[in-house]
1. In the stretch 52-83, which residues are in contact (Cβ under 8 Å) with a residue 60 or more places away in the chain, under 12 Å from Pro129 (Cα atoms) and either touching a helix residue (DSSP H, G or I) at 6+ places or on another chain (Cβ under 6 Å) or among the hydrophobic types (A, V, I, L, M, F, W, C) (or both)?
2. Yes or no: the stretch 117-136 includes at least one residue that is basic (Lys, Arg) and under 25 Å from the mean Cα position of the chain (by Cα).
3. For the subset of the stretch 213-229 comprising residues that are over 15 Å from Met67 (Cβ atoms) and modelled with pLDDT under 90, which member is surrounded by the fewest Cβ atoms within 10 Å (Cβ to Cβ)?
4. Would you mind finding the one in Lys266, Lys246 that is within 20 Å of the chain's Cα centre (by Cα) and without any contact (Cβ under 8 Å) to a residue 40 or more places away in the chain?
5. Do we have Leu150 as within 14 Å of Ile204 (Cβ to Cβ) and modelled with pLDDT under 95 here?
6. Could you list, in sequence order, all residues of the stretch 88-119 that are in contact (Cβ under 8 Å) with a residue 12 or more places away in the chain, out of contact with any strand residue (DSSP E or B) (no Cβ under 7 Å at 6 or more places or on another chain) and of a type in the set (S, T, N, Q)?
7. Just checking, which of Ile206, Ile196, Ile253, Ile237 is in the same structural domain as Ser72 (by TED's automatic domain parsing), in a helix (DSSP H, G or I) and among the aliphatic types (A, V, I, L, M)?
Amino acid sequence: MLRKIEYLYQFIEKINIVFLHKIFRLKKFITLNLVLFISFSWAQTFQLPSLKFAYTDYEPFIDAKTMEIHHSKHHQTYVNNLNKAIQGTKLEKFSLNNLLINTSYFSETIRNNAGGHYNHSLFWEILTPKSNSSPDEILLKAIEESFGKLDSLQTKLQQAAMIRFGSGWAWLIVNPDGKLQVTHTGNQDNPLMDVISERGIPIIGIDVWEHAYYLKHQNKRNDYIYAIWSILDWGVISEKYQAAIKDPTLEKIKQDNWPELKAFHKVMSATFHAAEKSDFKPIIERNNELKVNAYLLKNSEIPVLNPTEEATMSKSLHKLEKQTNDLNRYLTIGRKISDKLIFKKLTAIHDTFHEIAGLCKEE
């Protein structure tokens, strides 16, 4: 009888050990996943891209120390500062492209660091220590149509890089008309930004900040630019060209060529989004500005891409002017009106604006 009881205790003990072991494993699993969840939740929105090659592989065109500092220090700083600037805001959900094509709505910090991240990411992508011939047939044809020959493109890019006073970038872009164009920008600006006059989608970007070349070339920027030309990855650039000519971003840039629409949008954005949060001070203070911008918009030159939409566009513009006049009258009659009524009228203006913006898009 005692032996049976002893066996029973041993059996219970084994069950408890197995049970406790499972509990321990479950706790480890929960803890691990909690850590991963927290890490993911706190993960940076934007990340430093890895290089395709080792720092030393770019020599003798770019020395290893410059590549290391440029990538791991300068570029990393742009990424860190950009993430810090958007942390806890709705901009965390924005793509990098959306931050750039709407730059005028954001702070200088976002402009500089979003630009720095995009520009350098492109730069690393188009460099290869293993020089690979020339552009593919499609890109080569486009180059010949725009510049005559590949050598002419090289000359124009070098000129753009050399005349850029101080820090900045030289670019080969696909402009809104689908043509190739050479341009340059200052600091960390780029042609995607709505604060730049010559806009388009970059397919080549050459960094002419001194940190990109000074350790090796000192003040000889031209030697550095020539070296960069020797290590361009024409396979990647050709792919970027074909992607760019199909990219809907070009249509967005075309739409931005209507400055009066953009001016109205800025006031609309500042007042409507504040009202969504029950802050009506901006619309009370700027309703006359909204009214004036609606008038200027209605009387501006309309870059409608589809002529059949002209009648609809005209009707929407007249409606927008009437709505802004109506709201202005309510806000200046000298007696208090409800926030609910203000928001209702502002929402109607917001909806009409988007009707107009939608008509600008080519079908």
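1. Result: Phe53, Tyr58, Phe61, Ile62, Asp63.
2. Going through the stretch 117-136, the residues basic (Lys, Arg) turn out to be 130.
Narrowing the set further to residues that are under 25 Å from the mean Cα position of the chain (by Cα) leaves none.
Looking for residues that are basic (Lys, Arg) and under 25 Å from the mean Cα position of the chain (by Cα), one finds none in the stretch 117-136, hence no.
3. Residues of the stretch 213-229 over 15 Å from Met67 (Cβ atoms): 218-223, 225-226, 229.
Filter once more, keeping what is modelled with pLDDT under 90: 218-223, 226.
On the way: Gln218: 11, Asn219: 9, Lys220: 12, Arg221: 18, Asn222: 12, Asp223: 13, Tyr226: 15.
Among residues in the stretch 213-229 that are over 15 Å from Met67 (Cβ atoms) and modelled with pLDDT under 90, the one surrounded by the fewest Cβ atoms within 10 Å (Cβ to Cβ) is Asn219.
4. Numbers: Lys266 fails: without any contact (Cβ under 8 Å) to a residue 40 or more places away in the chain.
Of the residues listed, the single one that is within 20 Å of the chain's Cα centre (by Cα) and without any contact (Cβ under 8 Å) to a residue 40 or more places away in the chain is Lys246.
5. yes
6. From the stretch 88-119, those in contact (Cβ under 8 Å) with a residue 12 or more places away in the chain are 91-92, 96-97, 99-107, 109-119; that's our starting set.
Narrowing the set further to residues that are out of contact with any strand residue (DSSP E or B) (no Cβ under 7 Å at 6 or more places or on another chain) leaves 91-92, 96-97, 99-107, 109-118.
Within the stretch 88-119, Asn97, Asn102, Thr103, Ser104, Ser107, Thr109, Asn112, Asn113 qualify.
7. Sole residue among the options that is in the same structural domain as Ser72 (by TED's automatic domain parsing), in a helix (DSSP H, G or I) and among the aliphatic types (A, V, I, L, M): Ile237.
The values are calculated or read from the model by the stated rules, or taken from the named source; none is laboratory data. Just so it is clear, the structure is predicted and the values come from calculations on it, not from any experiment. All Cβ positions, even for glycine, are placed from backbone atoms using ideal geometry, and neighbour counts span all protein chains on display.
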